[in-house]
Amino acid sequence: MRYVNCSPEIRDYLCAADPVLGAHIRRLGELRRPMREGLFPALCSSIVSQLISKKSAATVYGRLTKLCGGAITPESLGAQTPEAIQKCGMTMKKAQNLAAIAGRVLSGETDLSHLDSLSDEEVIRVLSALPGVGEWTAQMLMIFSMGRPDVISYKDLGIRRGMMAAYGLDSLDKKQFDAISAAYHPYASTASIYLWHLSDEVSGNVGLAEIN
């Protein structure tokens, strides 16, 4: 299993770049957050998981995997109708989005195999153009499936909450967020892992998986 990179070298860099976050990094040590193998199944999982609990998402995704013969691929998903996909326990809108994404990949309209050669901004553009995928979902896929090292999302409530906890802030606007997170580059993805953990400490959910 692969994990988001929280190596000693990256931790040392962040500690030197930002002593405030660095104090928490030293306290917590290495954090191990699993990545998901395969961008296409991770993308499908992200859509399934939207607006439902993790337990429900796991159940629905398991049914979808069974429907697709044990592996969710563009070919196996593209062979299903939206009606069959919906019967796995999701809304028709999600089912239609999944079917449409499979169709776009199969037709070559969307080429996921070349994403590794694109910049972060280009990856977000390509992924967020897919039905049911927004900027935040694209950023989560970049961290937890593609292993991009420099991703942090202002749209993520957990990251904002963790940053507020770390820096003792009662509120946090985009300008403040950008000013603080500037120190995290080029390892903002690792910083995100620690900010999620700090958010979990505040909410009492330490130990929950960060992948959505």
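Stokes-Einstein diffusion of segment 18-94 at 20 °C, 1.002 mPa s viscosity, Kirkwood radius from Cα pairs, rounded to a whole number: 148 µm²/s. Under 5 Å from the amide H of Tyr3 lie the amide H atoms of Met35, each residue being 5 or more positions distant or on a separate chain, with H modelled from the backbone and absent for Pro and chain starts.
Subtracting the Cα-Cα distance of Tyr3 and Glu75 from 0.36 nm times their residue separation leaves 23.2 nm of extension gain.
For a paramagnetic label modelled on Ala165 (point 7 Å from Cα along Cα→Cβ), amide N atoms under 20 Å away belong, within segment 44-72, to 54. Fully extending the segment from Leu106 to Glu121, taken as 0.36 nm per residue of separation minus the present Cα-Cα distance, adds 3.0 nm.
Of Leu28, Ser181, Thr59, which is farthest on the positive side of the dipole of the chain, counting Cα position, with +1 on Lys and Arg Cβ, -1 on Asp and Glu Cβ, and the Cα centre as origin? Result: Thr59, furthest along the dipole toward the positive end. If you average 1/r over every pair of different alpha-carbon atoms in segment 150-194 and take one over that average, what Kirkwood value in Å do you get? This gives a value of 10.4 Å.
Charged side chains reduced to their Cβ positions (Lys and Arg at +1, Asp and Glu at -1) give segment 67-193 a dipole of some 440 debye around its Cα centre. Heavy-atom accessible surface of the chain, averaged per residue, reaches 48 Å², computed with a 1.4 Å probe.
Across the chain, the volume of the C-alpha convex hull divided among the residues equals 121 Å³ per residue.
The values are calculated or read from the model by the stated rules, or taken from the named source; none is laboratory data. Keep in mind the model is a prediction, meaning the values are calculated, not measured. In this analysis, Cβ positions are derived from the backbone assuming ideal geometry, glycine residues included, and neighbour counts consider all displayed protein chains. To get the accessible areas, we keep the full protein, side chains included, count just its heavy atoms, and leave off ligands, DNA and RNA. Shrake-Rupley method; radii C 1.70, N 1.55, O 1.52, S 1.80 Å.
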